[in-house]
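Contents: one structure, followed by commentary.
Here, each number is a calculation from the coordinates, and none is a lab measurement. Here the structure is a predicted model, which means the values were calculated and not measured. All Cβ positions, even for glycine, are placed from backbone atoms using ideal geometry, and neighbour counts span all protein chains on display.
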Amino acid sequence: MKKIFALSAILSSFLVFSCQTDDFSYYYYSPDELAVLSQKLNLPELPTDYNVVLPNYLSFTGNGGFAQASIPAAVVLGRVLFYDKSLSKDGKIACATCHKQELAFGDNAAVSKGVFDRDGVRNAIALSAVPSFSGAYENTGNSLFWDNRAKTVQEQSRASLANVKEMDMSMSEVVAAVNNQDYYAILFKKAFGDGIATEERVTEAIQSFVHALSSFQSKFDEAAQAQFEASQQNIGFEFQAFAKFTTEENLGKKIYLNNCATCHTSTLTIPTVQSASNGLDQNPTDTGVGGITNLAQDMGTFKVPALRNIALTAPYMHDGRFETLEQVVDHYSNGIKSHVNLSDKLKNPNGTPKNFNFSSTEKEALVAFLRTLRDEKMLADVRFANPFK
């Protein structure tokens, strides 16, 4: 597959030209191709750059400080597939239905609705958290879904397409739906060198789009980069007060680093803990990761999510039980319940739940810090918007 992608990249890099009297006019799509595409889609006439540019400070974090390389044609194809409702059984649901750009590619429902108005099981995880690190994410053993059952975005998308409570489509039905639209032959040819749609190519293109999602332009990133440049050192800069933060935001950052970063990382990239119980229930009915592994130590544990754009992704937790960040902070302050698999990081030396007992000032500061993770530029980036007319 990598060889195919390499070939498609070369093919896509050649611009077709037509000769007129004294000049040449260059174009990426032929006039006939553009006419077909423009009937249903709003796509730029030339390839869009989807390469992710990371702040320099992330190169020294030890948290996978690199971005995924992208092939524009594959990302464009994945973008169209991501927003295509014809890939669902009732023709009303797309990946983007539960992963909305304005909500950092998350949803504002505790549990999203699938085809035929069917209720899902768990809260939709926002995709803009660390997707441009996805390759590193997958290679370090971290997985996807709340129960960590998917190892790659391809596996994740295939499972969502097939889930009867989500899109309820077999992959053969997905391929048939793709082949029913003439514009896909053009997009597949640009991405893969020919117009043939296959199960592997469909999911690989969706993965390319998800990997291209980038959210490293928040106030936190700007402040961290400025502090990194000013400190003239590669280690520990994040523990200094940020000049571009308010006093309250810096207090919140300090509270976060002292109490939350051991699981969620100091630079808000790939969580250092893959799964855990955070004491939501003493006797949970949802077995989480344990339902996949059947291991006693995994029962009632769930994926530790990344926190970028967290202020946009309410409601929170795997079941969407908390409507606000304030409620989340209250839980960690004095609501953690005992559980046989409660994370050691949330236990006192005697094994009882470790409630952090934040003051009202500390709670407000922590929420203020979490709000600095919001990336307004990503929310409005036309490269990731719905391409359908």
- prompt: For Leu41, which sequence-distant residues (separation of 5 or more, or a different chain) have an amide H within less than 5 Å of its own amide H, given hydrogens modelled in the peptide plane?
  reply: Lys389
Sum of side-chain charges, Glu362 neighbourhood, beta-carbon under 11 Å (Lys, Arg +1; Asp, Glu -1): 0
query: Using modelled amide H (1.01 Å from N, peptide plane; none on Pro or chain starts), what sits under 5 Å from the amide H of Asp375, excluding residues fewer than 5 places away?
result: Asn309
- prompt: What residues from segment 351-383 fall in the zone where the backbone N is under 20 Å from a label point 7 Å along the Cα-to-C-beta line of Gln282?
  reply: 351-357
query: Using alpha carbons only, how many degrees (0 to 90, rounded to 10) separate the axis of helix 153-162 from the longest principal axis of the chain?
result: 80 degrees
message: Report, in listed order, any pair from Lys113/Lys151; Lys219/Lys253; Lys151/Lys189 with a Cα-Cα distance greater than 19 Å.
response: Lys113/Lys151; Lys151/Lys189
message: With θ taken as phi - 60° and the coefficients 6.51, -1.76 and 1.60, list the Karplus ³J(HN,Hα) couplings across segment 43-52 in order, rounded to whole Hz; mark glycine and proline as x.
response: 10, x, 6, 10, x, 9, 7, 10, 5, 8
- request: For n ≥ 4 DSSP H runs only, could you compute -39500 (n - 2.57) per run for the chain, divide by its residues and tell me the 222 nm figure to the nearest 500?
  value: -11000 deg cm²/dmol
query: How large is ³J(HN,Hα) for each residue in segment 244-253, as worked out from phi by the Karplus curve 6.51 cos²θ - 1.76 cosθ + 1.60 (θ = phi - 60°), to whole Hz, x for Gly and Pro?
result: 8, 9, 6, 4, 5, 5, 5, 5, x, 4
Amide H partners (placed H, <5 Å) of Lys347, local residues excluded: Lys354
- prompt: What's the angle, to the nearest 10 degrees (0 to 90), between helix 360-371's Cα axis and the longest principal axis of the chain?
  reply: 10 degrees
- prompt: How large is the charge dipole for segment 219-374, taken about the Cα centre, if only the Cβ atoms of Lys, Arg (+1) and Asp, Glu (-1) carry charge, to the nearest 20 debye?
  reply: 140 debye
message: Can you give the FRET efficiency to the nearest 0.05 for Ala35 and Val121, using r as the Cβ-Cβ distance and R₀ = 41 Å?
response: 0.40
task: Please work out how much length the chain gains when fully extended from Thr247 to Thr262, using 0.36 nm per residue of separation minus the C-alpha to C-alpha distance, in nm with one decimal.
output: 3.1 nm
Top positive-direction residue, dipole computed over segment 68-213 with Cβ charges, set Trp146, Gln101, Gln181: Gln101
task: Give the label of the value calculated from the structure for Rg/Rh (Cα atoms, Kirkwood Rh), choosing from (1) 1.22; (2) 1.00; (3) 1.49.
output: (2)
- prompt: How long is the gain from Phe239 to Asn42 if the chain were fully straight, where each residue apart is worth 0.36 nm and the alpha carbon distance is subtracted?
  reply: 66.5 nm
